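What follows is one structure encoded as C-alpha cells, with my remarks underneath.
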Amino acid sequence: MGMMQEFKAFAVKGNVVDLAVAVIIGGAFGKIVDSLVQDIIMPIVGKIFGGLDFSNYYLPLNNQDISLTLVEAKKLGAVFAYGSFITILINFLILAFIIFQMVRILSKLKKSEPPAEAAATPEEVVLLREIRDALKK
C-alpha cells in the first residue's frame, strides 16, 4: 500500500501535472505547425522548385521510373526521399524557433518582475541583536 501512496503523491505533484499539460499542448501545437508547413509553406516552396509537391521529391535507388509518386516508388523498392526529409526538417526548425521565442519571452518576464521584498526582521531579533552588540561593548 505504501508504494501506491508514493505514486499518488508523485503523480499529484505540480511538476508532473504541468508536464502532462505541456505534452498535450505540445502535441496539438505540433499538429498546427505540421499543417502550416505541409499546407501553406511547402506548396509555395514546391511552386518555386517546379510546381510539384515537394514532399514527393526523391531519387530512385531500384531503377524506379522517376514519374511515379513517392508512395508508388517506395512499393517498388528503396528510394532516397529527400523532399520528405526537407519538409520534416523545415517543420522542426519552425517549431524549434517558436519554442525558443516562447522561452525567451518567459525569461524576460521573469527578469522584469521586481524581486520580492525581504521580510521585515522580527522585533525580538532586533532587540536580541541590540543586546548582543551592547554586551560586546
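Figures for the structure shown
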item	result
Accessible area (Å², per residue) of the range 2-111, counting only protein heavy atoms and a probe of 1.4 Å	77 Å²
Apportionment of accessible area to carbon and sulfur, the chain, percent (1.4 Å)	69 percent
Label of the coordinate-derived value, percent of Cα pairs over 28 Å apart, listed as (i) 27; (ii) 58; (iii) 16	(ii)
Two-decimal ratio, the range 33-86, of alpha-carbon radius of gyration to 2.2 N^0.38 Å	1.17
Positive-end extreme of charge dipole, the chain - chosen from Ile98, Phe54, Thr69 (charges on Cβ)	Ile98
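The values are calculated or read from the model by the stated rules, or taken from the named source; none is laboratory data. All values reported here derive from a predicted model rather than from experimental measurement. All Cβ positions, glycine included, derive from the backbone under ideal geometry; neighbour counts span all protein chains shown. Note: areas computed on protein heavy atoms with side chains; ligands, DNA, RNA excluded. Shrake-Rupley method; radii C 1.70, N 1.55, O 1.52, S 1.80 Å.
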